[in-house]
Every structure is written in structure tokens, then in C-alpha cells.
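Taking it in order: structure first as C-alpha cells, then the write-up.
The values are calculated or read from the model by the stated rules, or taken from the named source; none is laboratory data. The structure displayed is predicted, hence computed values, not measured ones. In this analysis, Cβ positions are derived from the backbone assuming ideal geometry, glycine residues included, and neighbour counts consider all displayed protein chains. Calculation scope for accessible area: heavy atoms of the full protein, side chains included, ligands and nucleic acids excluded. Shrake-Rupley method; radii C 1.70, N 1.55, O 1.52, S 1.80 Å.
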Amino acid sequence: MSGRVTSSLASSATTTSDADLDARFAPVFARIAEGALEREVDRRLAFDEAGWLKEAGFGALRVPVEFGGSGATVRQLFRLLIDLAAAESNLPQALRVHWSFVEDQRLSTDTEARERWLRAVADGRLVGNAITEPGVGAVDRYRTTVRRDGDGLVVNGTKYYSTGSLYADHILVAADLDGERVSVLVDGDADGVSQHDDWDGFGQRLTASGTTEFTDVRVGEDRLLGAGYGQAGRTYGTSYLQLVQLAVLAGIARRATDDAIDWVRSRTRSYTHAAADLPREDPLVQQVVGRLSSAAFAARATVLAVADTLDAALDDAQTRGQFDDALLDAAELASSQAQATVIPQVLEATTQLFEVGGASIVSERLRLDRHWRNARTIATHNPLIYKLQAVGAFELNGDDLPYAWSAGKRPTS
């Protein structure tokens, strides 16, 4: 995800239209949405649903047409991620690092490896991640290590929050190689890989964000993909990964609105002091639904506006062979500012939806609380208080924006 070196691969002039993408994926999303409530109740990981997305070519949206993908723009990708999040908010988050992996391959200067991996993605391969570590984490050095052994590499370590890896064919591992941050691509079913669905958060329970252990996992030298997450300097990757989270929030807002509308339309019970006999005709209830709908619209529009800044930065980089610092700053600033609007809008909307009904709306059978729980969980992944400070320091003093930051316990020495 470096902002320093890119390929000379021209942005494909052949893309797929919005209408064609909608025609292909809308039925898949609808099928996924049908089982969302049952999966939440049973805590059933969405293996089948991830398979449907693979079969439809969803993971290859950004793969250029010449390599077997759809050649979608960043805006088209995020528009569809919002729609998928409305159907099942866990899946876009589970695929978050997959998208940045694809972008890295699009930008790679290694033409042979680039074509190899882009064609693999076009064939249906998905990539999960193993980046975050317990304790010190990556604040100092990754405790997960890669060492050379003979003609290959050996990976050892433990990762937390390995989002999406249980759904994936490959796991992108951030590790330490003699003091250097590197990325290594490990097969999910390789000997020595042990994955656990032990994520205990109260939301986004089906993202497969559990612990992954690597014990003497052997991989080929060709699986060393370059600099690992957290490398100093500007990168498109920070804003890109943040925007996936915001797309999830926008989708949650849409689904919460739709669920509230369905509830009100079918409801006949009201109150003796209500303004109308039926809730759907009550101006106060209508006002609540209007607020929910507006929040969903605003969140979607904001995400797509940031996607346009990323499109500009990535297209410019592929045309010129390097990133423009000003365009990267624009994308990073936009994604940070977007958090300050999208997060509170969606959290409020997922709370306000309960105002449209009486006590029966909190039934466990409905699980409407999952929208707030999922939104609250997503919002904690990139604490808003730090983003607001970073934006303020940038605007007031021109301070550098925090790229590729890491979470962990700071060393005391």
C-alpha cells in the first residue's frame, strides 16, 4: 500500500456499466439479505454467501477487464459495497483487505506477479488479513516473524482480528523480517495455520475476525509481497480501508431504514393520544422515517464523494507512474472528515428507528438492535476522537495526517 512506487499499467478504458453491475449483483445481494436475520440469531458464519459472491465475480470488480475482471471504478466498487452492507453488513468488512490487495496488484511494478494474482482473483480467489497483534502490536515491531530457510520462508506468530480470513483462500500477513515490515501471502489451508472464530464483540459477529496462529508455516519466496502495513509515508491504503468501514455504516443505515419502513407499514396498533389511527399516517412517525431516510442518503452520498477522491488519486498514479502527494492528502482528509459526519448520523439513525413503534419493536425475534450494535462496532475500529484531532491539526497548522497508524501498547523504555 505504498504511495511511492506504482506500475505503468494504464487504467483500463473498458469498464462495466452501473446497470450491468446492478443486474449481476442485485439478485445475489437479495438472496444474501433473505438469511441475514437467521444468521445473526444462529451466529452462522456466511460461508455460503461468500461463495455466492465469488461465483458472481464480486471479488474481481476492480480487476482490469484484460485480466478477467469487471474493470469497475472505485466509485462503482463502493456503491456496490454499500448495497452489500445493506444486505449483510458483515461481508464488506470481511472483504476489506481483499480490496486493498487487489489495488496493490494493480499498482505493482512486477508485471509477472501482477498478472498472476489479478487472474487468480478473477478466478474467484479471496484474500483475508492477519495484521493486528496483541500487546505491543505493531507500535514497535511485529512479533510475527518471517525468516529465510533454504529456498523459502517460514512464518511464526499470532494475530488478532483476522477479519475475513476464514472466508478467504489466502491470508495477507504483516510480519517482521530482520527489522523490516513485510507482507507475506499465506494459503489459508497451509500446514501450521490455525484459525479461530473467537471474536467476542457485540456487533459484526459474522466477520470471522478471530485469532490466527502461524506455526512454522512454510511459503515460497514469491509470496513475499513487499513492504508491510505501517510503513512510513503517504499511502492510498489508509483512506481506502477506512472508506470500506464507512460504506458498511452507510449500508447499515439503509437496512435500518428499510426495516423501520416495513415495520410501520404493517403495524396497526397505535396510541389513544396519537395523531392518526394508523402509524404510517401519523406525522410524527413519518418524521422519524424521514430522518432515517435522510441519514441513509447522506451517508451514501458522503462515501461516494470520498470514493471519487480515491478514484482521482489512483487513476493519476497509474497514468503518471507515481502518486501525487496532494491527491493522497485530499483522499486521506476526505475520508477523515467523512467519519465525523457518517458515524454520528448512522448511530443516531439506528437508535431513532425504535421511536416508530411500541415495546414490541424490541422483540428478540426482530433483532433490530443488531443495526446499532453493528454500527457501534464498526465505528470503534478507527476512533473518531483521534480523527477529529488530526483534521483540526491539519487545518490549523498543516500537520501531517496520520497514515498507516497502528494500535498497540507503547513500549515504556
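For the stretch 239-372, the Cα-based Rg and Dmax, in that order, read 19.2, 68 Å. Helices in the chain that qualify as membrane-span-like (whole DSSP H runs, Cα extent of at least 30 Å along the helix axis, mean Kyte-Doolittle hydropathy of -0.5 or higher) are 237-266, 283-320, 325-352. If the chain linking ASP258 and ASP191 were pulled fully straight, counting 0.36 nm for each residue of separation and taking away their Cα-Cα distance, it would gain 19.6 nm.
Maximal additional length on extending the VAL41-ALA312 stretch stands at 93.4 nm, based on 0.36 nm per residue less the C-alpha distance. Rounded to a whole number of µm²/s, how large is the Stokes-Einstein D of the chain at 4 °C and 1.567 mPa s, given Rh as the Kirkwood radius over C-alpha pairs? Translational D for this selection: 58 µm²/s.
Given a 1.4 Å probe and the protein chains as shown, TRP405 ends up with an accessible area of around 80 Å². When you restrict to C-alpha pairs under 8 Å that are six or more residues apart and normalise by the size of the chain, the relative contact order lands at 20 percent. Each helix, a run of at least 4 DSSP H residues, gives -39500 (n - 2.57); summed and divided by the residues of the chain, these come to -16000 deg cm²/dmol at 222 nm.
Selection among ALA227, GLN105, LEU278 by position relative to the dipole of the chain gives LEU278 as farthest towards the positive end (Cβ unit charges, Cα centre). Phi angles across the stretch 360-365 convert, under the Karplus curve 6.51 cos²θ - 1.76 cosθ + 1.60 with θ = phi - 60°, into 3J(HN,Hα) values of 5, 6, 9, 4, 4, 4 Hz, Gly and Pro given as x. A crude spin-label estimate for the pair THR319 and ALA30, with each label 7 Å from Cα along the Cβ direction, gives 3.9 nm. Near SER209, the amide H atoms lying under 5 Å from its own belong to GLY164, TRP199; only residues 5 or more places off or on other chains count, and H is placed 1.01 Å from N. Residue ranking by accessible heavy-atom surface, 1.4 Å probe, largest first, among ARG141, ARG39, ARG234, ARG223 comes out as ARG141, ARG234, ARG223, ARG39.
Note on the chain: dipole from Cβ charges, positive end direction compared against GLY408, ASN374, GLN352; the farthest Cα belongs to GLN352. Take ASP216: with every protein chain present and a 1.4 Å probe, its accessible area is about 90 Å².
Between LEU366 and ALA19, the distance separating the two model label sites (each 7 Å from Cα on the Cα→Cβ line) works out to 3.9 nm.
Name the shape class, rounded, prolate or oblate, that the alpha-carbon gyration tensor gives for the stretch 68-200, where a ≥ b ≥ c are the square roots of its eigenvalues, rounded holds for a/c under 1.5, and otherwise prolate holds if a/b is larger than b/c and oblate otherwise.
Oblate.
Roughly what percent of Cα-Cα pairs across the stretch 1-146 reach past 28 Å? Cα-Cα pairs of the stretch 1-146 separated by over 28 Å account for 27 percent. Distance between the 7 Å Cα→Cβ label points at GLU55 and ALA359: 4.5 nm. Legend: residues VAL306, VAL193, VAL362, sorted from most to least accessible area (1.4 Å probe; ligands, DNA and RNA excluded), read VAL362, VAL193, VAL306. Treating r as the C-beta distance of ALA326 and ASP277 and R0 as 56 Å, the FRET efficiency rounds to 0.45.
A probe of 1.4 angstrom, applied to the heavy atoms of all protein chains, finds HIS273 with accessible area near 150 square angstrom.
Between the stretch 326-364 and the stretch 177-240, how many Å separate their Cα centres? If you average the Cα positions of each part, the centres end up 29 Å apart.
For the chain, the carbon plus sulfur part of the accessible surface works out to 49%, probe radius 1.4 Å.
The candidates SER194, SER266, SER336, arranged from most to least accessible area with a 1.4 Å probe in the full protein assembly, appear as SER266, SER194, SER336.
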